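The values are calculated or read from the model by the stated rules, or taken from the named source; none is laboratory data. This one's a predicted model, so the numbers in the text were calculated from it and none came from an experiment. Cβ sites come from the backbone with ideal geometry, for glycine too, and all protein chains shown count toward neighbours. Accessible surface areas use protein heavy atoms only, side chains included; no ligands, DNA or RNA. Shrake-Rupley method; radii C 1.70, N 1.55, O 1.52, S 1.80 Å.
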Amino acid sequence: MSSVSLRSSPLRTPKMKKEETFLGKLGGTLARKKKAREVTDLQEEGKNAINSPMSPALADLHPEDTLLEENEERTMIDPTSKEDPKFKELVKVLIDWINDVLVEDRIIVKQLEEDLFDGQVLQKLLETLAGCKLNVAEVTQSEIGQKQKLQTVLEAVQELLRPHGWALPWTVDAIHGKNLVAILHLLVSLATHFRAPIRLPEHVSVQVVVVRKREGLLHSSHVTEELTTTTEQMMGRFERDAFDTLFDHAPDKLTLVKKSLITFVNKHLNKLNLEVTELETQFADGVYLVLLMGLLEDYFVPLHNFYLTPDSFDQKVHNVSFAFELMLDGGLQKPKARPEDVVSLDLKSTLRVLYNLFNKYKNAE
């Protein structure tokens with residue numbers, strides 16, 4: 001029997017190709033690094049292009065925002081504007097105000113665009129502020145039903161604001177489309193009209209990115225949108241009175257009015273050994289207003305009802321608000337000024353309050 005021994009043949013190493021030599025490998029490595037660097041640079045370039053202030057629209061576009069018809073336009077707030085502290089404050093103040101107004105309805109708003117777009121919260125807000133009842137369905141799930149409700153709510157708002165000559169920078173489609181700029185314009189107008197007991201931050205503006213589709217391509221541009229002006233301008237949009245005229249056209253007569261009011265208030269405050277020399281500052285904490293009402297109506301105001309030495313903005317607002325309540329109890333009309341304006345050293349607001357007292361009590365001994 002013959003045996004066959006199997007021997008494994010040694011593996012032959014194939015001849016190294018040119019590119020597998022040391023220099024070839026080095027060249028290939030360098031080429032790959034160069035290509036990787038080019039890819040990284042390209043990615044960085046793309047990232048910079050997206051985050052660049054020149055093209056913020058691309059960074060903040062939702063997929064549905066790109067589905068535009070030819071010549072259709074869509075707007076959104078520049079992401080950098082959303083980070084502005086004054087813009088954030090405006091949004092927070094308005095959300096807190098809505099929640100305070102609707103606390104009895106157990107409605108809590110957390111995000112304006114998501115909570116107000118369907119008209120449900122706006123309906124409750126307007127009904128509470130205006131003391132009315134709108135003829136709309138309570139719950140609407142369909143888009144058509146939501147827009148019908150919005151239409152009814154915004155028509156009611158229009159009836160309130162149009163007599164004052166205001167342009168209304170919002171539409172049903174804008175509100176339902178969760179356009180935050182339109183929603184903020186609406187809320188600022190409502191807060192101003194109903195003299196909300198809040199302090200809106202002044203001079204709040206945002207950069208709005210306008211995206212339009214032309215010839216199949218998206219084009220963006222920037223527009224500055226003013227959301228608030230000064231407190232005086234916002235509150236004065238709806239009514240002007242003699243003090244507006246005095247401030248604007250007769251500063252000399254304004255000085256006489258201030259002197260007359262100082263004489264009037266000191267005639268009564270002197271009974272408590274108190275004296276006023278500066279109307280705009282000495283009534284700002286509400287203490288003198290409360291004491292003055294007690295003197296004018298001839299009663300003692302219990303000290304636990306107000307802060308005799310207020311040390312915060314809220315405590316001062318409490319004092320002025322309490323003084324306003326005493327004025328209503330005394331038969332005066334509700335002051336046109338807001339407590340926050342008096343506390344913020346707004347002279348015109350303070351003069352309006354004191355002039356109402358002067359008119360009623362000027363002959364009181």
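For segment 316-336, name all the residues that are of a type in the set (A, V, I, L, M) and within 16 Å of GLN282 (Cβ to Cβ). Answer for segment 316-336, where residues must be of a type in the set (A, V, I, L, M) and within 16 Å of GLN282 (Cβ to Cβ): VAL320, ALA323. Looking only at segment 311-338, residues that are under 22 Å from ILE262 (Cβ atoms) and free of Cβ contacts under 8 Å to residues at least 40 places away in the same chain come to 11 in all.
Condition check ((1) within 18 Å of ASP173 (Cβ to Cβ); (2) in contact (Cβ under 8 Å) with a residue 40 or more places away in the chain; (3) of a type in the set (S, T, N, Q)) across all residues:
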| site | (1), (2), (3) |
| --- | --- |
| LEU90 | no, yes, no |
| ASP105 | no, no, no |
| ILE108 | no, no, no |
| PHE117 | yes, yes, no |
| GLU127 | no, no, no |
| LEU134 | no, no, no |
| GLN146 | yes, no, yes |
| LYS149 | yes, no, no |
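Here is a check on your reading of the model: is LEU122 under 18 Å from ALA182 (Cβ atoms) and assigned by the TED database to the domain that holds PRO201? Answer is yes for this residue. For segment 339-358, the set of residues classified as within 19 Å of GLY294 (Cβ to Cβ) and either surrounded by 17 or more Cβ atoms within 10 Å (Cβ to Cβ) or free of Cβ contacts under 8 Å to residues at least 12 places away in the same chain (or both) consists of PRO339, VAL342, THR350, VAL353, LEU354, ASN356, LEU357, listed by residue number.
Of all residues in segment 294-321, those satisfying the criterion of being open to solvent by 40 Å² or more (accessible area, probe 1.4 Å), of a type in the set (Phe, Trp, Tyr) and at pLDDT 90 or above are TYR299, PHE300, TYR307. Look at ASP285 and say whether it is assigned by the TED database to the domain that holds TYR355 and assigned to a loop (DSSP other than H, G, I, E, B). Yes, satisfied.
Restricting attention to segment 322-338, the residues that are surrounded by 14 or more Cβ atoms within 10 Å (Cβ to Cβ), assigned to a helix (DSSP H, G or I) and among the aliphatic types (A, V, I, L, M) add up to 3. Those residues that are over 30 Å from ASP341 (Cα atoms) and modelled with pLDDT under 80, I need them from segment 218-238; list them, please. Once the filter is applied, which keeps residues that are over 30 Å from ASP341 (Cα atoms) and modelled with pLDDT under 80, segment 218-238 yields LEU218, HIS219, SER220. Restricting the first member to segment 180-208 and to residues that are within 16 Å of PRO85 (Cα to Cα), and the second to residues that are at pLDDT 90 or above and open to solvent by 50 Å² or more (accessible area, probe 1.4 Å), the beta-carbon pairs closer than 7 Å and six or more apart or on different chains are PRO201/LYS86; PRO201/GLU89; VAL204/LYS86.
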